[in-house]
Amino acid sequence: MTVTLTNDSLSAIVDKSEMEANFEDLRAAYEALTSEDFRAKASIRTRQFAARYQHSRIDLCVYAEALAAGWPASGVMAAVIFKPRVETDDLEDLFLYDAHWCCTDFGAGAGTFSLQWGSFETGSWVGTQIASDTIATPGAGLYNEEHFIQNDGSTYPLPPSGFTQADNMGLAIIATGADAAALSNQGSLFRCTCIVRRELTGQ
Amino acid sequence: MTATIPYGTLTDPIDREEIMANFRALAAKLGALDTSDLTASAGITVAQMASPYQDAFVHLEVRAEALASGWPGSGILAAAPYPGISTNEAWKAVAVHWACTDTGGGTGAFNVKLGTFVSGNFVSATTIASSVLISNGAAANDSNSGAEFTKTYANGTGLSFAADPRSIVIQGSSADASTLTAQGSFVHVCVTLRRAVQES
């Protein structure tokens with residue numbers, strides 16, 4: 001709000017009550033600031049906000065129909081290339097914040113995978129592991145899930161430390177251990193949802 | 001923190017030291033404002049923020065099992081509804097990335113478009129990316145990926161809302177009969193959308 005001084009013009013010999021009223025006007029204004037007290041383009045920084053994070057979702061899916069003989073021992077099962085940054089380097093860092101998989105046919109519970117960051121280079125996937133997990137059996141039934149990275153805003157920067165940023169990089173599910181019975185039922189699927197997080201951006 | 005002035009009541013006649021102490025207290029407050037100085041519903045606007053933008057990823061995937069004879073030269077191959085409603089600020093497309101695990105002859109291509117399904121047909125409103133080539137990495141039938149464009153918000157492709165529902169689609173633009181013929185192979189396209197955070 002606009003600050004209005006009670007006594008915009010003071011007496012020639014200043015009266016103390018005039019001064020007191022003006023001080024009170026200013027004091028009250030300081031503890032009731034609103035949008036109007038800031039310039040139209042005040043450039044208030046994101047880090048000055050208590051709630052400053054955006055979350056986006058990356059889905060990595062594998063379907064039974066895509067597999068010849070259940071979960072394989074190797075190979076790129078799913079990959080999403082996306083945009084951690086734009087052409088400038090001054091965006092806030094992106095972090096893998098959360099990763100959660102579900103599976104509707106875990107077979108014998110022996111299939112394993114690696115969640116990796118990387119890219120396709122000269123025809124092949126070149127990546128570095130972020131996390132790994134087993135598509136384990138809970139003991140009965142067909143379905144299972146695992147929340148294998150939880151609410152971690154600092155451990156998994158994207159790209160990982162040591163990687164030079166490139167535009168055509170992203171996340172992939174790489175098979176690392178076979179289970180011929182996993183995803184052998186028609187219509188079954190494995191899905192890993194990754195939540196990536198960073199501060200709001202100015203670009 | 002709450003603003004305080006040391007002399008809410010001044011002596012009479014006024015003591016200049018009291019006046020100066022009050023001025024100093026108010027001057028010191030500038031530069032030390034924090035959240036408690038803002039009203040609970042201060043209404044800081046997007047224009048007053050230095051970094052107001054959020055992203056959303058739209059995922060479009062085409063799998064080998066869905067194709068009769070490799071990558072087609074036309075047709076809608078994948079579609080995703082355009083997120084948001086017309087009373088929100090529209091998004092801008094700031095990036096298109098793709099990954100493919102069977103690039104075939106390297107001649108397949110696709111368009112990324114925003115449009116509407118009307119009377120059984122797709123009617124394009126905006127072309128986000130045109131004739132994106134699913135090129136070979138090093139040899140035929142290998143894996144590859146690419147970044148079609150990456151832009152700042154200011155240079156992004158505006159995607160207006162309309163009264164009609166709208167979808168972002170992958171449309172075949174050039175055929176390659178040997179692309180996506182390997183079982184389990186796929187093309188995944190990720191469109192990055194960006195806009196300012198919304199007030200509602």
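The values are calculated or read from the model by the stated rules, or taken from the named source; none is laboratory data. Here the structure is a predicted model, which means the values were calculated and not measured. Glycine also receives a Cβ, built like all others from the backbone with ideal geometry; neighbour counts cover every protein chain displayed.
What the table shows:
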read-out: Leading residue by the ranking (nearest to B:P13 (Cα to Cα)) among those in region A:14-56 that are within 7 Å of chain B (Cβ to nearest Cβ) and among the polar types (S, T, N, Q); value: A:T34
read-out: Test result for A:L183, at pLDDT 95 or above and under 22 Å from A:V76 (Cβ atoms); value: yes
read-out: Selected residue (criterion: surrounded by the most Cβ atoms within 10 Å (Cβ to Cβ)) from residues of region B:161-200 that are at pLDDT 90 or above and among the hydroxyl-bearing types (S, T, Y); value: B:T179
read-out: Contacts under 9 angstrom Cβ, first residue in region A:4-28 being within 22 Å of B:T39 (Cβ to Cβ), partner of a type in the set (D, E, K, R), 6 or more apart; value: A:T4/A:D25; A:L5/A:D25; A:T6/A:E18; A:T6/A:E24; A:T6/A:D25; A:N22/A:D8; A:L26/B:K29; A:R27/B:K29
read-out: Yes/no for B:A79 being among the hydrophobic types (A, V, I, L, M, F, W, C) and closer than 16 Å to B:V189 by Cα; value: yes
read-out: Selection within region A:57-76 - in a strand (DSSP E or B), buried (at least 19 other Cβ atoms within 10 Å of the Cβ) and facing chain B (nearest Cβ under 8 Å); value: A:I58, A:C61, A:Y63, A:V76
read-out: Strands (runs of 3 or more DSSP E) enclosed by region A:97-176 - at least 2 residues per element that are more than 17 Å from the chain's Cα centre (by Cα), within 14 Å of chain B (Cβ to nearest Cβ) and closer than 28 Å to A:G70 by Cβ; value: A:112-121, A:124-134
read-out: Exclusive hit being of a type in the set (S, T, N, Q), more than 9 Å from every other protein chain (Cβ to nearest Cβ), surrounded by fewer than 22 Cβ atoms within 10 Å (Cβ to Cβ) and over 21 Å from A:A79 (Cβ atoms), set B:T152, B:T116; value: B:T116
